[in-house]
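Peer 1: Mind looking over this structure? Questions follow.
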Amino acid sequence: MHELELPDRYGEILAALKARVHSAHLRAQRIVNTELIGLYWHIGRTILEQQQAAGWGGKVVEQLAHDLRSEFPSMTGLSRSNLMYMRGFAAAWPEASAIVPQAVGHMVQQPVAQLPWGHIRLLLDKLDEREERDWYAQRAATEGWSRAVLEHNMLGQLRQREGAAPSSFDGKLEERDARLAQAISKDPYVFDFLGLSKDAAERELEQAMMDRIVDVLRELGPGWAFVDRQKHLEIDGDDFFIDLLFFHTEQLRYVVFELKAGKFKPEYTGQLGFYVAIVDDLIRKAQHAPTVGILLCSDKNESVVRYALGATSGPLAVSSYTYDNLPAAEQQALPDAERITHALDGIDGD
């Protein structure tokens, strides 16, 4: 069979049309989602108003769900439980202007209105405060979090951890730069996906981080890029090795990570500061922001860290890391392995 001879620039034109179709498809999906979220908010607002004005109870809501499903049999999401989520949605975000488009072409500004319904239900289930819900909705909408990532970040208390690492950035960097550097730190870092125990050695931690580098980058946050592990530096014949070297693409700065499988010691800041100075002098380009260092240790005494950072000459932060995503209070509420085994034995005995 004779092969069709394609005209010049056909491939280029096809690629451009594919990109346009993809773009139009995404815009259409966003428009459909915006309309659906607006509809759900309106249904929820109606239920809320009627409960307050006419005393609608659970049976009436159940009947409403039945009647709506009868009228729209091909439409999902009209169960009684979902209608109650719609009510909760309208109660949590009562401003119509924040959710429902006011005119054709109007772009909804509230981040929560840009999220899929499953994300919104998760916000309602896991968080109680409007400020918390708005913060996570903003990040989810901006960074395109999946529902699983949103749940992981809420469970891991991302908002409380971001920018929380004690540091020497103030005074070592210009004011604006210090704020930016502080914003990309966390305390603690949650490495629950590594599958390690608390007694894992530094080399085990480093190798596990390399094996799950995509998950590590997700935990670090947006804008991070991995550069090298055990980065070799030679100073007049002396050899030194940096545990992990990253680059923040939004802030245009190198970030040196040193791993310590144990409690923080003041001398660690001297070693990290030395590495930061070398990277700043030998690797950093003129257009880059100043290099910073982050020391990761499994435990730390906050007072000791504060004194050590006060004595350092470089821009450093000290963070702890954990292999547990649940907060300490929730971990303590879980039954230990012995109690679970005993309970299972009891079931087997029946």
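Peer 1: With r defined as the distance between the Cβ atoms of THR76 and ARG27 and R0 fixed at 25 Å, what FRET efficiency is calculated, to the nearest 0.05?
Peer 2: So the FRET efficiency works out to roughly 0.65.
Peer 1: So what are the ³J(HN,Hα) numbers for the stretch 191-198, from phi and the Karplus equation (6.51, -1.76, 1.60; θ = phi - 60°), rounded to whole Hz, Gly and Pro as x?
Peer 2: 10, 5, 7, 7, x, 9, 9, 5
Peer 1: By its C-alpha gyration tensor, with a ≥ b ≥ c as the square roots of the eigenvalues, how is the stretch 21-94 shaped: rounded for a/c under 1.5, else prolate for a/b larger than b/c, else oblate?
Peer 2: Oblate, because a/c is 1.5 or more while a/b does not exceed b/c.
Peer 1: Next up: Please compute, over every Cα-Cα pair in the stretch 173-219, the percentage with a separation greater than 12 angstrom.
Peer 2: 68
Peer 1: How large is the convex hull of the Cα atoms of the stretch 192-328 per residue, expressed in Å³ as a whole number?
Peer 2: 119
Peer 1: Okay, next question. Can you give the accessible area of TRP56, probe radius 1.4 Å, in Å² rounded to 10?
Peer 2: Counting only protein heavy atoms, TRP56 exposes about 70 Å² to solvent.
Peer 1: Sticking with this structure for a sec: Which ³J(HN,Hα) values, rounded to whole Hz and listed in residue order, are derived for the stretch 118-134 from phi using the Karplus coefficients 6.51, -1.76 and 1.60 in 6.51 cos²θ - 1.76 cosθ + 1.60 with θ = phi - 60°, glycine and proline given as x?
Peer 2: Running phi through 6.51 cos²θ - 1.76 cosθ + 1.60 with θ = phi - 60° gives x, 5, 5, 4, 5, 4, 5, 6, 9, 10, 10, 8, 4, 4, 5, 4, 5 Hz.
Peer 1: With a 1.4 Å probe and all protein chains left in place, how much accessible area per residue does the chain have, in Å²?
Peer 2: 58
Peer 1: Search the structure for amide H atoms under 5 Å from the amide H of ALA289, placed 1.01 Å from N in the peptide plane, and list their residues when 5 or more places away or on another chain.
Peer 2: ARG253
Peer 1: Here's a follow-up. How far apart, in nm, are the 7 Å Cα→Cβ label points at ASP238 and ASN301?
Peer 2: So the label points at ASP238 and ASN301 sit 2.8 nm apart.
Peer 1: If each of LYS265 and GLU202 carries a label point 7 Å out from its Cα toward its Cβ, how far apart are those two points in nm?
Peer 2: 0.9
Peer 1: By accessible area of protein heavy atoms, probe 1.4 Å, what ranking do HIS22, HIS119 get, highest first?
Peer 2: The ranking, largest first, comes out as HIS22, HIS119.
Peer 1: Around GLY163, which amide H atoms from residues at least 5 apart in sequence, or from another chain, sit under 5 Å from its own amide H, with H modelled in the peptide plane?
Peer 2: Residues meeting the amide H criterion: SER185, LYS186, ASP187.
Peer 1: Once amide H atoms are built 1.01 Å from N in the peptide plane, which residues 5 or more positions from LYS300, or in another chain, come under 5 Å H to H?
Peer 2: PHE264
Peer 1: Which of rounded, prolate or oblate describes the stretch 141-187 when judged by the alpha-carbon gyration tensor and an a/c cut-off of 1.5?
Peer 2: Taking the square roots of the gyration eigenvalues as a ≥ b ≥ c, the stretch 141-187 is oblate.
Peer 1: Which pairs in the list LYS126/LYS260; LYS172/LYS265; LYS186/LYS260; LYS231/LYS263 are over 26 Å apart, alpha-carbon to alpha-carbon?
Peer 2: Exceeds cut-off: LYS126/LYS260.
Peer 1: Additional query: Once the Cα gyration tensor of the chain is found, what semi-axes does its equivalent ellipsoid get, as square roots of 5 times the eigenvalues, in whole Å, sorted largest first?
Peer 2: Working through the eigenvalues yields semi-axes of 45, 31, 22 Å.
Peer 1: Using only Cα atoms, what Kirkwood radius does the stretch 2-63 have, in angstroms?
Peer 2: For the stretch 2-63, inverting the mean 1/r across all distinct Cα pairs yields 16.1 Å.
Peer 1: Taking θ as phi - 60°, what are the ³J(HN,Hα) couplings along the stretch 212-225 by the Karplus curve (6.51, -1.76, 1.60), each to the nearest whole Hz, with x for Gly and Pro?
Peer 2: For the stretch 212-225, the Karplus-derived couplings read 10, 4, 5, 5, 4, 4, 5, 5, 4, x, x, x, 8, 9 Hz, x marking Gly and Pro.
Peer 1: Further question on the same structure: For ILE184, tell me the accessible area in Å² from a 1.4 Å probe, rounded to the nearest 10.
Peer 2: Accessible surface of ILE184 is approximately 20 Å².
Peer 1: Ok, one more. May I ask you to give the percent of accessible area on the chain that is carbon plus sulfur, with a probe radius of 1.4 Å?
Peer 2: 52
Peer 1: Return one number: the angle in degrees, 0 to 90 and rounded to the nearest 10, between the long axis of the Cα atoms of helix 337-349 and the longest principal axis of the Cα atoms of the chain.
Peer 2: 50
Peer 1: Right, next: What order do ASP236, ASP128 take when sorted by accessible area (1.4 Å probe), most exposed first?
Peer 2: The residues order as ASP236, ASP128, largest area first.
Peer 1: Would you kindly find the accessible area of PHE89, with a 1.4 Å probe and non-protein molecules such as ligands, DNA and RNA excluded, rounding to the nearest 10 Å²?
Peer 2: Accessible area of PHE89: about 0 Å².
Peer 1: Would you list ARG69, ARG45, ARG20 from the most to the least accessible area, probe 1.4 Å?
Peer 2: ARG20, ARG69, ARG45
The values are calculated or read from the model by the stated rules, or taken from the named source; none is laboratory data. Predicted model only: the values in this text are computed from it and were never measured. Methodologically, a virtual Cβ is constructed for each residue, glycine included, from the backbone with ideal geometry; neighbour enumeration extends over all protein chains shown. Keep in mind that these areas ignore ligands, DNA and RNA; they rest on the heavy atoms of the full protein, side chains included. Shrake-Rupley method; radii C 1.70, N 1.55, O 1.52, S 1.80 Å.
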